[in-house]
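Notes follow once the structure below has been shown.
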Amino acid sequence: MASILKTDKIEGVTASGTVQMPAGHVIQVKETTTTSTISSTSTSYVASGVVVSITPKFQSSKFVIQTSGISDYNTAPGHYIEANVYQKIGSGSYSDVGKVFRQIFGSTFGAPHYGKLILTPNTTSELSYQVYYKSSSSNGVYINAYGGQHVIQVMEVKQ
């Protein structure tokens with residue numbers, strides 16, 4: 001016979017927040033979304049200004065960072081846009097943790113992009129993530145120029 005456990009809250013016996021979750025469970029999810037246009041004419045990485053912050057519950061957790069948006073260009077075919085995720089730990093500065101997107105444009109606008117990274121920052125200090133973009137020429141690139149959403153989402157996964 002199967003057992004059924006019904007509850008409104010699970011709490012540790014000696015202190016709140018001490019319940020042990022099995023490895024592989026998502027502990028928390030944070031995301032930030034914008035529909036504002038983000039543009040850059042820089043051929044070096046420039047911050048998007050769209051930041052998501054999360055404070056790890058466990059030092060050994062893995063973090064799944066997912067990004068998406070609609071990319072547009074302002075130049076001839078063959079031009080490209082690149083996107084990397086940058087991470088800041090605590091009050092430190094942002095550093096590049098990996099490429100999530102690179103697209104060479106043909107003759108169309110409004111190409112969707114999606115990227116994912118899995119990181120193990122090994123900290124319980126606040127983590128902040130944002131996408132940095134760069135263009136292959138000074139003619140520029142745009143995110144959400146004609147609508148759409150730029151999203152950055154972070155999931156903490158227990159190890």
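Of note:
- Carbon + sulfur, % of accessible area of the chain - ligands and nucleic acids excluded, 1.4 Å: 50 percent
- Under 19 Å between alpha carbons - lysine pairs in the chain that sit 8 or more apart or on different chains: 18
- Pairs of Cα atoms nearer than 8 Å and 6+ residues apart set the relative contact order; for the chain it is 41 percent.
- With a Förster radius of 25 Å applied to the beta-carbon distance between Thr37 and Val97, the computed FRET efficiency rounds to 0.50.
- For the stretch 18-72, applying the loop criterion from DSSP together with a ceiling of 15 other beta carbons within 10 Å to the trypsin sites (Lys or Arg not before Pro) yields Lys57.
- Candidate values (i) 30; (ii) 43; (iii) 46 were compared with percent of Cα pairs over 24 Å apart computed on the shown model; the agreeing label is (ii).
- Amide H within-cut-off set for Gln28, under 5 Å, with H built and near neighbours excluded: Glu156
The values are calculated or read from the model by the stated rules, or taken from the named source; none is laboratory data. Bear in mind that the values here come from a model prediction, so they are computed numbers and not experimental data. Quick reminder, even Gly has a Cβ in these numbers, built from the backbone with ideal geometry, and neighbours come from all protein chains shown. Note: areas computed on protein heavy atoms with side chains; ligands, DNA, RNA excluded. Shrake-Rupley method; radii C 1.70, N 1.55, O 1.52, S 1.80 Å.
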